[in-house]
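Presented below is the structure to which this report refers.
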Amino acid sequence: MSTARKIEDSERALSDVAALLRDGVSGEVPKLVQDQSKQAVLRALVFKPKVRSPVLPWVAAAAAVALMVVGGSLYFQQKTLAYVSFGAQQTDNGFIVLDRAAARSGVRFSDGTLVVVAPDALLQVLEVDARGARLAVQEGRARFHVVHKPRARWRVSAGPYEVDVTGTRFDLSWAATQGHFELALADGSVTVRGPQVPHGVQLTAGQKVVASFDPPMFRITKDGESASVEPVAEPSVQDLSARERPKQAHRAAPVRESWTELVRNGEFASVIAEARARGISSVLKQGQLPDLVALADAARYSNEVTLSQRALEAQRRRFARSSHARDAAFLLGRLSEDQGAKSGLALHWYERYLSEAPRGAFASEALGRRMVVLHRARGLAVAAPVARDYLARFPNGPYAARARELTQAE
């Protein structure tokens with residue numbers, strides 16, 4: 001058989017193998033990976049060793065195919081979405097700040113997802129992975145066009161509200177000072193969670209949500225008509241029929257909402273008021289961990305910094321082995337930094353968190369803030385090694401752009 005005929009047969013067999021791979025491996029193998037693997041298989045089939053054995057070439061070919069499978073799988077596992085801002089720049093805090101002279105500003109992701117933000121908006125990229133990203137609208141209005149992909153996972157937060165997205169188009173507006181949230185859905189579907197709907201409500205194309213947590217309100221409309229109002233209040237005894245009243249009268253008294261539930265519903269003032277009624281010192285010394293966590297959050301959201309710090313320190317002192325105690329170290333660092341305290345105190349808490357939870361939920365944020373504080377307080381020479389560490393650990397993290405700037409400025 002001629003070499004040309006062998007190559008033709010090998011190409012045909014390789015096509016069958018490729019079909020099996022397409023069925024067995026999720027995702028799309030890049031053409032470069034396909035071409036390199038194909039050449040490896042062809043070399044194994046055509047160029048035989050001097051020892052004439054019909055088995056060896058196919059063993060080599062099988063190894064090359066296995067290499068293609070493993071290489072493709074590693075490609076899928078490691079691939080992470082990239083993103084770039086346009087008409088804007090990224091700040092130390094990971095916010096997208098607009099260039100007021102730009103005609104269009106926002107963020108573009110490598111899967112085609114596009115976020116365009118209004119001139120008064122503050123958008124933050126919190127986390128990016130292979131399936132999507134987590135973003136926060138801190139203030140203002142943004143338009144989202146999320147490309148639908150299998151197993152996509154996108155989440156957008158605005159104050160106490162969260163939006164779960166797979167692939168859709170919607171406008172989102174958040175006014176932090178008024179606690180006012182709006183979402184208008186143009187296409188697809190999303191799930192919105194918030195103080196009035198902690199378990200979420202699904203919206204379909206054409207629907208709009210208008211919500212606030214003070215006063216509590218959650219209204220869904222479609223084409224200008226009110227579709228539903230949440231939450232729906234339970235009927236009072238006076239509203240029940242005479243047949244239902246005896247049954248209602250024997251019901252147990254409603255259980256007082258926990259502080260965790262009150263915080264989830266945006267009732268921060270109620271948590272602080274109850275804590276003061278019980279005695280702050282008593283709560284800090286005897287309260288259970290969920291109450292301390294809720295009190296710290298309620299005080300932080302209400303800008304009662306000293307009370308939040310005391311509750312966070314109590315978590316670390318009394319429940320040192322808990323994950324909340326580790327998270328408290330990071331939050332104490334942020335409170336110290338936000339209050340303009342000496343940089344050493346913020347660095348202390350960020351370093352404590354990173355030593356206690358190197359893979360924790362706030363690891364990227366803590367390392368990024370440590371880098372920024374070091375640069376501000378001690379200069380480029382001290383901050384640059386931290387920037388390199390950040391890029392090695394979180395190449396697509398919210399502080400990656402800042403870290404690259406520092407490494408390039410060395």
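The values are calculated or read from the model by the stated rules, or taken from the named source; none is laboratory data. It should be emphasised that the depicted structure is a prediction, and the values quoted were computed from it without experimental measurement. Counting neighbours? That spans all protein chains shown, and the Cβs are built from the backbone with ideal geometry, glycine included. Quick note on the areas: whole protein, heavy atoms, side chains included, nothing else; ligands and nucleic acids left out. Shrake-Rupley method; radii C 1.70, N 1.55, O 1.52, S 1.80 Å.
Things worth noting here:
For (1) modelled with pLDDT of 50 or more; (2) crowded, with 20+ Cβ neighbours inside 10 Å; (3) polar (S, T, N, Q); (4) closer than 18 Å to ARG153 by Cβ, each residue gets a yes or a no:
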| residue | (1), (2), (3), (4) |
| --- | --- |
| VAL51 | no, no, no, no |
| VAL59 | no, no, no, no |
| GLY112 | yes, no, no, yes |
| ALA118 | yes, no, no, no |
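- Hits in the stretch 393-410 - residues which are surrounded by 14 or more Cβ atoms within 10 Å (Cβ to Cβ), of a type in the set (A, V, I, L, M, F, W, C) and farther than 19 Å from ASP129 by Cα: LEU406
- Unmet requirement for LEU240, which otherwise passes all of (1) in contact with a Phe, Trp or Tyr (Cβ under 8 Å, 6 or more places away or on another chain); (2) farther than 30 Å from ALA275 by Cβ; (3) modelled with pLDDT under 85: (1)
- Selection within the stretch 367-392: residues that are charged (D, E, K, R) and surrounded by 14 or more Cβ atoms within 10 Å (Cβ to Cβ). The member of this set that is farthest from the chain's Cα centre (by Cα) is ARG388.
- In the stretch 123-162, the qualifying residues are those that are of a type in the set (Asp, Glu) and in a strand (DSSP E or B), and the one that is modelled with the highest pLDDT is GLU162.
- Test for GLU356: is it closer than 17 Å to ARG388 by Cα and either open to solvent by less than 20 Å² (accessible area, probe 1.4 Å) or without any contact (Cβ under 8 Å) to a residue 60 or more places away in the chain (or both): no
- Per-region count, the stretch 163-197, residues among the polar types (S, T, N, Q), in a strand (DSSP E or B) and touching a residue at least 24 places away in the same chain (Cβ under 8 Å): 3
- Among the residues of the stretch 335-353, some residue qualifies, meaning at least one is among the polar types (S, T, N, Q) and open to solvent by less than 40 Å² (accessible area, probe 1.4 Å).
- The set of residues from the stretch 163-202 being over 17 Å from ARG153 (Cα atoms), modelled with pLDDT of 85 or more and either touching a Leu at 6+ places or on another chain (Cβ under 9 Å) or open to solvent by less than 10 Å² (accessible area, probe 1.4 Å) (or both) comprises ASP171, LEU172, SER173, PHE181, GLU182, LEU183, ALA184, LEU185.
- Count - residues of the stretch 270-282 that are closer than 15 Å to THR306 by Cα and aliphatic (A, V, I, L, M): 3
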